Amino acid sequence: MIQFHPSPLEKKTYQNKTIYVKRDDLLDADFSGNKARKFHYFLNQDLSQLKRIISSGSNQSNAMYSLSVLAKMKGLEFIYFCDHIPEFLKTNSTGNYKYSLQNGMKIYESPNREVDASMQKDEVSILIEEGGRQRESEFGIKILADELIHDIHINHIKNPYIFLPSGTGTTALYLQKNLPIRVYTCSTVGDDEYLREQWRMVENDETIFPRILTSQKKYHYGKLELDLYTLWRDLKENMGVTFDLMYDPAGWMKFLLHVREIEGTPLYIHQGGLIGNESMLARYQRKYSITT
Ligand SMILES: *Cc1c(COP(=O)(O)O)cnc(C)c1O
């Protein structure tokens, strides 16, 4: 049974507001953040009868990297389908893409990545849904929920609530399912209705859906925006925490819009993803000539 050491909870201040940050980015060197929580179940399974892990998603996905580590540890092949790999990335590999290849990932380009991945599934392989949107993810996310209950108790945090940005929303959903306190989230991939649809795919009981914080301004997944970068940098300078550049800036943007109207003490979940910053920072540098 593999167990992670509980990740630290740190007390921070930002814009004169006390905010606790759950440092799941510090969980483990190879398995960081919510992908470690989501794949914890498979880490503990005996996969020795299998030959490979199959999945699909974007060419810089954090899930892809974590699965490449899992496959390597378990002595399995890792087959991954993505839409398209730009020539620039092929010749200048960085970030999750680079390190997943180093772990032995076999990557294929396909316009129907999800279908192609599912067609490879046979009795000696496991298929992992994009981003880990599946019921097995609850196992590790429940462990995170239990850690949070313990953190809240020993730090005597009054009227706590949780905030975390969502992709598939799996982490937010299973946290709310396993916590007696409010969980707030926001969409960063698609709109708010897309997020609810993701939840309906794994959960029938809508009463346990997390609360969604909205914003007038739309942020498009993976799109570079100077205001997002500026906020990311400000958080880093003022809190001393490096957040991820895919989900966290849009998450903080929406969270800060609402934080003054939500009663209680916020706990922000840092969900890792820092290896992905390597490629995001390179893109920001090319687009805006910023210095880091
Ligand atoms: C995958 C990921 C998310 C989104 O998690 P979901 O469970 O799909 O909502 C958020 N932040 C980081 C850093 C991630 O790697």
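The values are calculated or read from the model by the stated rules, or taken from the named source; none is laboratory data. Quick caveat: nothing in here was measured; it's all calculated off a predicted structure. Cβ atoms come from the backbone with ideal geometry, glycine included; neighbour counts cover every protein chain shown. Ligands, DNA and RNA are excluded from the accessible area calculation, which covers all protein heavy atoms including side chains. Shrake-Rupley method; radii C 1.70, N 1.55, O 1.52, S 1.80 Å.
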> Can you tell me which residues in the range 144-161 are aliphatic (A, V, I, L, M), more than 13 Å from the ligand (Cβ to nearest atom) and surrounded by 18 or more Cβ atoms within 10 Å (Cβ to Cβ)?
Replying inline: 145, 148, 152, 157
>> Based on this model, can you work out whether residue 208 counts as within 16 Å of the ligand (Cβ to nearest atom), more than 30 Å from residue 47 (Cα to Cα) and open to solvent by less than 80 Å² (accessible area, probe 1.4 Å)?
In response: yes
> Has the range 124-135 got at least one residue that is more than 21 Å from the chain's Cα centre (by Cα), outside the structural domain of residue 273 (by TED's automatic domain parsing) and open to solvent by 50 Å² or more (accessible area, probe 1.4 Å)?
Replying inline: no
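Quick check: is even one residue across the range 175-191 away from the ligand (no atom under 16 Å from the Cβ) and either open to solvent by 80 Å² or more (accessible area, probe 1.4 Å) or of a type in the set (Asp, Glu) (or both)?
Here is the first cut: in the range 175-191, the ones away from the ligand (no atom under 16 Å from the Cβ) are 180-182.
Keeping just the survivors that are either open to solvent by 80 Å² or more (accessible area, probe 1.4 Å) or of a type in the set (Asp, Glu) (or both) gives 180.
For the range 175-191, residues away from the ligand (no atom under 16 Å from the Cβ) and either open to solvent by 80 Å² or more (accessible area, probe 1.4 Å) or of a type in the set (Asp, Glu) (or both): present.
Taking the stated definitions as given, is residue 213 away from the ligand (no atom under 13 Å from the Cβ) and either closer than 24 Å to residue 39 by Cβ or crowded, with 16+ Cβ neighbours inside 10 Å (or both)?
Working: away from the ligand (no atom under 13 Å from the Cβ): yes; either closer than 24 Å to residue 39 by Cβ or crowded, with 16+ Cβ neighbours inside 10 Å (or both): yes.
Taking the combined requirement at face value, the residue satisfies it.
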> For the range 50-125, which helices (runs of 4 or more DSSP H) that fit wholly inside it have 1 or more residues that are in contact with a strand residue (DSSP E or B) (Cβ under 9 Å, 6 or more places away or on another chain) and within 18 Å of residue 38 (Cβ to Cβ)?
Replying inline: 62-74, 95-102, 113-119
> Do you know which of the residues in the range 257-284 that are open to solvent by 20 Å² or more (accessible area, probe 1.4 Å) and of a type in the set (S, T, N, Q) is farthest from residue 187 (Cα to Cα)?
Replying inline: 265
>> Kindly evaluate residue 220 against the criterion of being in contact with a Pro (Cβ under 8 Å, 6 or more places away or on another chain), more than 13 Å from the ligand (Cβ to nearest atom) and either open to solvent by 30 Å² or more (accessible area, probe 1.4 Å) or not assigned by TED's automatic domain parsing to the domain that holds residue 269 (or both).
In response: no
> How many of the residues making up the range 238-256 are crowded, with 17+ Cβ neighbours inside 10 Å and at positive phi?
Replying inline: 0
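State all residues of the range 223-237 that are open to solvent by less than 50 Å² (accessible area, probe 1.4 Å) and more than 15 Å from the ligand (Cβ to nearest atom); if no residue qualifies, say none. Outline the logic, then answer.
Within the range 223-237, the first condition is being open to solvent by less than 50 Å² (accessible area, probe 1.4 Å), and the residues that meet it are 224-225, 228-229, 231-232, 235.
Passing the criteria: 224, 225, 229, 231.
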> Name the residues in the range 259-292 that are part of a helix (DSSP H, G or I) and either β-branched (Val, Ile, Thr) or without any contact (Cβ under 8 Å) to a residue 12 or more places away in the chain (or both), would you?
Replying inline: 275, 285, 286
> Mind checking which residues of the range 52-76 are of a type in the set (Val, Ile, Thr) and either open to solvent by 20 Å² or more (accessible area, probe 1.4 Å) or under 21 Å from residue 116 (Cβ atoms) (or both)?
Replying inline: 53, 54
>> Filter the range 29-40 down to the residues that are touching a Ser or Thr at 6+ places or on another chain (Cβ under 9 Å) and either in a loop (DSSP other than H, G, I, E, B) or more than 14 Å from the ligand (Cβ to nearest atom) (or both) and list them by number.
In response: 30, 31, 32
> Inside the range 36-50, can you point out the residues that are in contact (Cβ under 8 Å) with a residue 60 or more places away in the chain and either touching a His at 6+ places or on another chain (Cβ under 6 Å) or within 13 Å of residue 71 (Cβ to Cβ) (or both)?
Replying inline: 39, 42, 47, 50
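Considering only the range 10-19, state which residues are part of a strand (DSSP E or B) and open to solvent by 30 Å² or more (accessible area, probe 1.4 Å). Steps first, answer last, please.
If we filter the range 10-19 for residues that are part of a strand (DSSP E or B), which is where we start, we get 10-14, 17-19.
Selection gives 10, 11, 12, 13, 17, 18.
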>> Between a residue in the range 86-115 that is closer than 14 Å to residue 278 by Cβ and any residue that is not in a helix (DSSP H, G or I), which pairs come within a Cβ distance under 7 Å, given they are 6 or more apart or on different chains?
In response: 89/59; 95/60; 96/60; 96/61; 97/59; 97/60; 101/93
